[in-house]
Amino acid sequence: MTTVAPDRIDLPDTGETHEVDRAWQVVVWNDPVNLMSYVVWVFRKLFGHTVEEATRLMLQVHHEGRAVVSSGPLEKAELDCHRLHHHGLWATLERA
Amino acid sequence: MSTPFTRKGAEVRVRLDADSRAVLAALPELLAGSDDAGGRLSYRVHPSDAEAEARYRDLVGDSLDDLRREDRSTLTRSCGDATIGLEEAEAWMRVIGEARLVLAARLGISHDGWEEEADPGQSPEMALLGYLGYLQDGLVGVLGV
């Protein structure tokens with residue numbers, strides 16, 4: 001089956017930005033219990049960071065109290081948060 | 001003390017005596033009886049937006065509890081095995097991490113640096129916290145990514 005695609009579709013420009021399209025940041029907060037080695041492993045496992053980047057983020061969390069570990073649309077950011085919580089890390093969301 | 005975990009391809013060989021395995025087997029019970037002091041296992045995603053938090057809670061439902069229950073079942077099922085798969089090892093690692101959070105909350109640990117003054121002889125909880133850290137670090141070492 002074939003269809004003829006229209007050359008162009010004009011959508012009204014409402015000037016609105018939908019909530020789900022806005023960028024969100026996933027923030028991991030320092031906690032005194034999780035092992036540094038485990039936190040590095042989680043960052044690598046969940047976000048595919050190199051060991052150097054994961055270690056840098058872990059140290060930022062440790063020394064500065066928090067670090068942004070990923071970002072994206074709300075749905076993705078909430079999923080990332082959920083996965084971090086499953087691994088026992090303290091994570092929240094912020095608008096980018 | 002010999003290394004408790006060694007990697008062999010897609011499996012992890014477990015070298016733990018019966019007492020250590022009994023400690024692991026008891027973790028689900030320890031967690032089930034936990035009141036999650038300090039909210040360490042129920043972090044909020046949108047801490048300053050009650051409406052967004054309610055929407056998120058509605059979206060995820062009980063999925064986090066389900067995942068944790070699955071991890072604990074995996075540990076219960078496999079804690080007597082001589083070798084475990086990588087996914088089983090990850091589940092062990094998460095349950096151990098949860099137990100450490102609960103133990104730390106019971107001990108009132110809330111700031112970095114507590115390890116420097118920690119005395120395993122202080123209490124059974126402190127001894128267990130230290131031992132579980134040793135096991136979790138061992139699993140991190142063999143799992144890689």
Exercise for the section: Using only the alpha carbon atoms of the protein assembly as shown, find the Kirkwood hydrodynamic radius as the inverse mean reciprocal pair distance, in angstroms to one decimal. Expected result: 19.7
Handout entry: Accessible area, probe 1.4 Å, largest first, for residues B:E51, B:E98
Key = B:E51, B:E98
Handout entry: Exposure ranking of B:S78, B:S73, B:S2 by accessible area [1.4 Å probe, largest first]
Key = B:S2, B:S73, B:S78
Fill in the blank from the handout: Computed over the range B:63-102, the Cα gyration tensor eigenvalues, each multiplied by 5 and square-rooted, give semi-axes in Å (largest first) of 17, 11, 8
Fill in the blank from the handout: chain B, Gaussian network, Cα under 10 Å: of B:E90, B:E11, B:E116, the residue fluctuating most is B:E116
Problem - Sequence of B:Y131, A:Y38 from largest to smallest accessible area, 1.4 Å probe - result: B:Y131, A:Y38
Exercise for the section: Among B:D65, B:D112, B:D17, determine the one that fluctuates most according to a GNM of chain B built with springs between C-alpha atoms less than 10 Å apart. Expected result: B:D112
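How big is the convex hull of the Cα atoms of the range B:25-92, per residue, in Å³?
97
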Fill in the blank from the handout: Env charge @ B:V14, Cβ radius under 12 Å, K,R +1 / D,E -1, value +1
Problem - For B:50-63, mean number of other protein chain Cβ atoms within 10 Å - result: 2
Completion exercise
Note: A:35-45 gets an average of partner chain Cβ contacts (10 Å, Cβ to Cβ) equal to 5
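DSSP H helices in chain B with Cα extent of 20 Å or more along the helix axis and mean Kyte-Doolittle hydropathy at least 0.5?
On the way: long enough: B:18-32 (22 Å, 0.97); B:63-78 (22 Å, -1.53); B:86-106 (30 Å, 0.30); B:124-143 (28 Å, 0.93).
Those that clear 20 Å and a mean of 0.5 are B:18-32, B:124-143.
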Practice task
For chain B, list log₁₀ I(q)/I(0) at each q in 0.10, 0.11 Å⁻¹, using the Debye formula over Cα point scatterers of equal strength and ignoring solvent, two decimals each.
Solution key: -0.40, -0.48
Exercise for the section: Please give the FRET efficiency for B:D65 paired with B:K8, using the beta carbon to beta carbon distance and R0 = 22 Å, rounded to the nearest 0.05. Expected result: 0.10
Practice task
Against the globular-protein guess of 2.2 N^0.38 Å, express the Cα radius of gyration of the range B:102-145 as a ratio, rounded to two decimals.
Solution key: 1.27
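The values are calculated or read from the model by the stated rules, or taken from the named source; none is laboratory data. Keep in mind the model is a prediction, meaning the values are calculated, not measured. When we count neighbours, we look across all protein chains shown, and the Cβ atoms used for this are built from the backbone with ideal geometry, even at glycine. For the accessible areas, the whole protein counts, side chains as well, though only heavy atoms, and no ligand, DNA or RNA atoms are used. Shrake-Rupley method; radii C 1.70, N 1.55, O 1.52, S 1.80 Å.
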